[in-house]
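Notes follow the structure.
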Amino acid sequence: YLLDITTMAEEPGLADVVAEDLGEDEDDSGGETEEEMMTRIRQNLLMRGLKPKPTECRPPLLSSMDLAGVATYIRSGRCQNIIVMCGAGISVSAGIPDFRSPGTGLYDNLQKYDLPSPQSIFELSYFRERPDAFYRLAKELWPDNYAPTPTHHFIKLLHTKGLLKRCFSQNIDSLESAAGVPKDLVVAAHGNFDGCTCIENGDRVPLEEMRRAVQVGKDGEGGWLALAQKYGGLVKPDIVFFGEQLPERFFMLMQHDFPQCDLLIVMGTSLKVHPFASLTSRVADDVPRLLINREVVGGSDPMLEALGLQTPGAFDFSDTNYRDACYLGDCDAAVRELAQLLGWLPELEAAVSRPLTAVQPTLSALCSPQVVPAPINLPAMPSTMQQAAAPPSPQNAPTSVTHPSCSTAAADGFTMLDGKASPA
């Protein structure tokens, strides 16, 4: 368990430190008490950058740790660079099927594909061997079949008010852009259907050809087999499969944006998939944060707490909380209440009721080049999709069509080994 929880600290080799400590303990003929061993491990983790758990509460940054406190903070004019982190939960009300619901969830309805495991349909090796399964699923999940939710429109409203620095999304549905959020303000951490690539040679393929291939199926004019023959290999949407590299743009903007953030809003995510989940630790200690979710997530790991340490970036809703506000419930209900407190509700409802054609960009617009700052040094952190070890208590957020490992069930049995999402 110690090996698993240390993967949450982002530091490469941290698990090796604990493993070495435990190995030394086994090899020590003189023996070592459990208390002495835990003290030694704690000291090594402190040397690696983990911080002690605070014992005193700092002066609060919000008037109250709820939506009202966040609304007061926004109205004060003290925040002009809001970053939104969002996941599966913000798209549930769009009607996109989730992954875990018994009977109706995605993983309960993959039997027809005869998969070795539910995760196989999102693995590159399986895609090479049996591509038809993913193409059939992609036909069902193609994102322009769905409309943005009130939460997507609220993110757009933050932009309209000049407050949105960036939206970092785990979702592959592009509904942020469909709601009107400018393309350059959205970071699709796990990719999306906005573009497609040949997996053999890296050549870009026109999106309309890919979309037609998915609709036609394997055989027939314009089907995915003909598309593969035309471009020299199988073509897939630019979504991140297990073990693949995350887009470079994610790391560039992560390093560029978070030092400027003055309010972090986290919505509809389990915060179990790294490196995305680690973004909560990248805002300064004096920046308020708001969690909107059906369950409390992103808390400090129990084992680290037992060592008197805190998980980097963990939400703190204990007596020492000074900056973390929380709303437990549906994302749409939360943003409507927050908009009401801000005096924005009429604008939000007008956007929600507006015909989809008035806000949804064309496919060609969705594929327009993305604006990024000048290249900068990338941070020292994992670059591939990783499933963090889950604490021994249920903290699952609602899930919908995001990258599959964003569902807490999507990568069950996976842990971080050498920067890859690997079977445990």
Test of understanding: among Pro382, Pro394, which residue is under 20 Å from the mean Cα position of the chain (by Cα), at pLDDT below 85 and surrounded by 15 or more Cβ atoms within 10 Å (Cβ to Cβ)? Pro382
Within the range 313-328, of all residues that are in a strand (DSSP E or B), out of contact with any helix residue (DSSP H, G or I) (no Cβ under 8 Å at 6 or more places or on another chain) and open to solvent by 30 Å² or more (accessible area, probe 1.4 Å), the one nearest to Ile83 (Cα to Cα) is Cys326
Can you find a residue in the range 156-164 that is touching a Cys at 6+ places or on another chain (Cβ under 9 Å), in contact (Cβ under 8 Å) with a residue 60 or more places away in the chain and closer than 17 Å to Leu264 by Cα? yes
Just to be sure I understand, how many residues within the range 230-253 are farther than 24 Å from Arg166 by Cβ, open to solvent by less than 10 Å² (accessible area, probe 1.4 Å) and part of a strand (DSSP E or B)? 1
Would you check if Leu253 is closer than 25 Å to Phe276 by Cα and touching a strand residue (DSSP E or B) at 6+ places or on another chain (Cβ under 6 Å)? yes
Restricting attention to the range 257-272, report how many residues are in contact with a Leu (Cβ under 7 Å, 6 or more places away or on another chain) and either modelled with pLDDT under 95 or surrounded by fewer than 20 Cβ atoms within 10 Å (Cβ to Cβ) (or both). 0
Can you confirm whether the range 273-288 contains a residue that is part of a loop (DSSP other than H, G, I, E, B), closer than 21 Å to Ser169 by Cβ, out of contact with any strand residue (DSSP E or B) (no Cβ under 8 Å at 6 or more places or on another chain) and open to solvent by 20 Å² or more (accessible area, probe 1.4 Å)? no
Give me the residue from the range 299-312 that is open to solvent by 20 Å² or more (accessible area, probe 1.4 Å) and assigned to a loop (DSSP other than H, G, I, E, B) and, out of that set, modelled with the highest pLDDT. Gly308
Of (1) surrounded by fewer than 19 Cβ atoms within 10 Å (Cβ to Cβ); (2) out of contact with any Leu (no Cβ under 7 Å at 6 or more places or on another chain); (3) at negative phi, Gly220 satisfies every one except (3)
Here are Ala351, Ala339, Ala334: which of them is closer than 21 Å to Phe168 by Cα, touching a helix residue (DSSP H, G or I) at 6+ places or on another chain (Cβ under 6 Å) and not in a loop (DSSP other than H, G, I, E, B)? Ala339
If we keep just the residues of the range 1-60 that are modelled with pLDDT of 55 or more, closer than 26 Å to Ser318 by Cα and of a type in the set (A, V, I, L, M), which is most open to solvent (accessible area, probe 1.4 Å)? Met47
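Based on this model, can you work out whether Arg212 counts as open to solvent by 10 Å² or more (accessible area, probe 1.4 Å) and without any contact (Cβ under 8 Å) to a residue 12 or more places away in the chain?
Yes, satisfied.
The values are calculated or read from the model by the stated rules, or taken from the named source; none is laboratory data. Everything numeric in this text was worked out from a predicted model, so none of it was measured. So basically every Cβ, Gly included, is an ideal-geometry build from the backbone, and we count neighbours across all protein chains shown. Surface areas here come from the heavy atoms of the whole protein model, side chains and all, with no ligands, DNA or RNA. Shrake-Rupley method; radii C 1.70, N 1.55, O 1.52, S 1.80 Å.
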